[in-house]
Structure formats: structure tokens, C-alpha cells
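Here's the structure, in C-alpha cells; my notes come after.
The values are calculated or read from the model by the stated rules, or taken from the named source; none is laboratory data. Since we're looking at a predicted model, the values are computed, not measured. Using ideal geometry, Cβ is built from the backbone for each residue, glycine included, and neighbour counts are taken over all protein chains shown. Protein only, heavy atoms only, side chains kept; ligands, DNA and RNA dropped before computing areas. Shrake-Rupley method; radii C 1.70, N 1.55, O 1.52, S 1.80 Å.
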Amino acid sequence: TRKSRPQRLLKAVEGKATLGDPQSVITAIDHFCRHKEWAMNVGDEKGSILDSLVIELSPVNVLELGTYCGYSTVRIARLLPPGARFITLEFNPDYAAVARQVIGWAGLEDKVQLVEGASGDWIPRLREHFGVQMFDLVFLDHWKDQYLPDTKQLEECGLIQKGTVLLADNVICPGTPDYLKYVRNSPHYDSRYYRSHLEYTKVEDGLEKSVFLGF
Ligand SMILES: Cc1ncnc2c1ncn2[C@@H]1O[C@H](/C=C/CNC(=O)c2cc(-c3ccc(F)cc3)cc(O)c2O)[C@@H](O)[C@H]1O
Ligand SMILES: [Mg+2]
């Protein structure tokens, strides 16, 4: 059967990137998505905003919801301080398989724990299974209607504490209206929109950064 788009994206990485060099993996994926086939990676423009927020935050415990091909996983993991812990959840086994190889090409497999499964099933188990108490940074980039329920579940499980930063992709396109309303209206979050563009296009999109202020 014809290869899937993630598999074609992986071939582009294997053909162009340098093993163990995260930047070359990022560049190879961006080139593939800009010139060959569009894919729903956070991309280079929003990716630069993501980079600056990770550098500023220097987070120790990071959670990513929706690994897909591992593009944002590589962007984040390459900037984490030694000893940081990064868990990324992905429930599609084919995407997870591609992401493992992309992360491996970047030489970042020791920095990332890719957990195959649904976020709703795993969030309640992260504390006892991985011994994580709270997350400094949560990057939301999975199904858009899952952002709000997962955020509420993270709050209920105590994995969001005072100072936790939620960073959400696609708050304009495709859009996450219920999530946006929640974080922007809640007295418990200080929320800010970073205007940008949908990956590899001129369409408006952006990232919403929401800092939890405590209960
Ligand atoms: C509950 C649960 N648990 C675990 N993994 C989960 C999960 N729910 C989904 N996943 C995983 O996460 C990724 C899904 C990403 C969804 N992202 C988008 O839909 C998306 C779409 C666009 C887009 C914009 C304009 C268009 F015209 C078309 C598409 C851009 C984007 O940046 C997107 O992120 C995918 O790998 C999926 O398996
Ligand atoms: Mg996205």
C-alpha cells in the first residue's frame, strides 16, 4: 500500500537530516511541508514562538498532548535543560511509530517519553506511573475539542499548579473556541495570544499562552 504522509515525511527526514542533529530534522520537515506536502506540524513561524517560550521558561516537567510526527517534540526537547522530564501522548500507533523515528533521528530519545494512548486515559495515571507532581509546561496540539476537557482533567488531577504554563496551538485555525473562552474568562488564568500564521501558509493562526495563577 502507498506510504502514509507521516511515512513520506519520515523519508524526507532520513534523506536530508543529519543523524543526531535536531535542527537538521526540523529544517528537513519544514522543507518537506513547505515544498512537497503540507502537514499539521506547528511549523517554523509558530515554532519560533514556542522556542522562545521554552527557553524563557526552562521547564523541568513538560507534557505534550498530540505528538503526531514528533516535530514539536523535537523543537521542545532540544531546548530542555539536563534532567528535565518530557512526556508526549499519542494515541495513533502509526503516528507514534513515525514520531519515535523522528525523535531518534534528532538523537533526543533519552529526553522524551512517548506514551501511546489517549490523553484522557493517561492524565489520571501520570502521577503514579511517572512520579510527576505537576507540569511546568503543557503544549496542547491534539484534537481541538479535547483541549478543554483535558485541561480540566489536568486541574482535577493536580498536575496544573500555580505557575504552570499552558501553550495551545491553533486557537484561531482550526480554532478552539470553548478552550479559549475558558482560559480567557477564568480568574485562575492569565492568558495571552501570540499572533502568527497557520503553519506554512499566510492564514492567521496563533498560540495562546495561559499561566495558572493558583486556585
Ligand atoms: C485524545 C488524544 N490523545 C492522544 N493523542 C491524540 C488525541 N487526540 C488526537 N491525538 C493525536 O494528536 C494529533 C492530532 C492533531 C490534531 N491537529 C489538528 O487537527 C490540526 C489541524 C490543522 C489544520 C488547519 C487548517 C486546515 F485547513 C487543516 C488542518 C492545523 C494544526 O496545527 C493542527 O494541529 C494526531 O497525531 C492524533 O493522533
Ligand atoms: Mg497544531
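Only one entry of Ile87, Ile103, Ile123 meets the criterion of being within 16 Å of ligand 1 (Cβ to nearest atom), in contact with a strand residue (DSSP E or B) (Cβ under 7 Å, 6 or more places away or on another chain), modelled with pLDDT of 95 or more and under 27 Å from Ser191 (Cβ atoms), and that entry is Ile87.
Yes/no matrix, rows are residues, columns are (1) within 18 Å of the chain's Cα centre (by Cα); (2) within 30 Å of Arg34 (Cβ to Cβ):
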{"residue": "Glu128", "(1), (2)": "no, no"}
{"residue": "Leu154", "(1), (2)": "yes, no"}
{"residue": "Gly158", "(1), (2)": "no, no"}
{"residue": "Leu166", "(1), (2)": "yes, yes"}
{"residue": "Glu204", "(1), (2)": "no, yes"}
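The selection criterion, being out of contact with any strand residue (DSSP E or B) (no Cβ under 6 Å at 6 or more places or on another chain), free of Cβ contacts under 8 Å to residues at least 40 places away in the same chain, open to solvent by 70 Å² or more (accessible area, probe 1.4 Å) and not in a loop (DSSP other than H, G, I, E, B), holds for Lys181. The criterion of at least 3 residues that are closer than 27 Å to Gln7 by Cβ and open to solvent by 10 Å² or more (accessible area, probe 1.4 Å) is met by the following strands (runs of 3 or more DSSP E) wholly inside the range 69-172: 112-116. Looking at Ala28, Ala39 in this structure, which one is surrounded by 14 or more Cβ atoms within 10 Å (Cβ to Cβ), among the small types (Gly, Ala, Ser), within 15 Å of ligand 2 (Cβ to nearest atom) and at pLDDT 95 or above? Checking each option against the conditions leaves just Ala39.
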